[in-house]
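S.K.: Here you go, one structure.
The values are calculated or read from the model by the stated rules, or taken from the named source; none is laboratory data. Computed from a predicted model, the values in this text were never measured in an experiment. Neighbour counts are summed over all protein chains in view; Cβ atoms, including those assigned to glycine, are modelled from backbone coordinates with ideal geometry. Protein only, heavy atoms only, side chains kept; ligands, DNA and RNA dropped before computing areas. Shrake-Rupley method; radii C 1.70, N 1.55, O 1.52, S 1.80 Å.
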Amino acid sequence: MSAVTAAGRDRDAARVPVHGLTVLYDAECSLCSFVRDWLLRQRQLVPLELVPAASAEARRRYPGLDHRATLDEVTVVGDAGQVYRGAAAWVVVLWALREHRPLAHRLSTPAGAKLARGAVLAAAKWRGAQWGGRAYPRGDGWAYDPRAGWTYSPPGCDSGACPTG
């Protein structure tokens, strides 16, 4: 898989056409779930499939991805193996949407890429600030269910390497 990390890279659509995109999103993040629902309501020029990041389905489809990283940074995978992360992922998702393709073209310019990156950083800051400025990573035993809220289950010591704190 090739990594595309900047909004303006690899625009050779004739060589590597995109016929479908898979958006990996953090299913335990309220902002991510809101955006997922919003994406599903949009008219799509390129079909979007939304799959929870680091899920069994995501691991089966993309065994070469760093699935822990997909929980921290939005990741989009094209049907030909293209991988987009961060701001580039948001630009390609907007490009797939009928009403937002012109915006995606503007965000793929050097000036637009700065704006896209700023939006992604603002969203990341909001995610981290939801709970008093501290994000609760799954490795710490925290889990979020929209119906039940946050729950804590201490990590097990099956491996013999228990975290101490």
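S.K.: Each label point is 7 Å from the Cα along the Cα-to-Cβ direction; what then is the distance between the points at Arg41 and Glu73, in nm?
M.R.: According to this spin-label approximation, the distance is 3.0 nm.
S.K.: Can you pull out the trypsin sites (Lys or Arg not before Pro) in the stretch 14-46 that DSSP calls coil and that have at most 15 other Cβ atoms within 10 Å?
M.R.: Answer in residue order: Arg15, Arg43.
S.K.: Another question, then. At what distance in nm do the modelled label points of Asp66 and Val18 sit from each other, each positioned 7 Å from its Cα along Cα→Cβ?
M.R.: Between Asp66 and Val18, the label points sit 2.1 nm apart.
S.K.: Something else: Suppose the chain between Glu57 and Leu103 were pulled fully straight at 0.36 nm per residue; how much longer would it get relative to their current alpha carbon spacing?
M.R.: 13.5 nm
S.K.: Next question. Let me know the Kirkwood hydrodynamic radius for the stretch 38-127, please, with Cα pairs as the basis and the value in Å to one decimal.
M.R.: So the Kirkwood estimate lands at 13.8 Å.
S.K.: With every protein chain left in place, what is the accessible area of Ser108 in Å² (1.4 Å probe, nearest 10)?
M.R.: Around 20 Å² of this residue is reachable by solvent.
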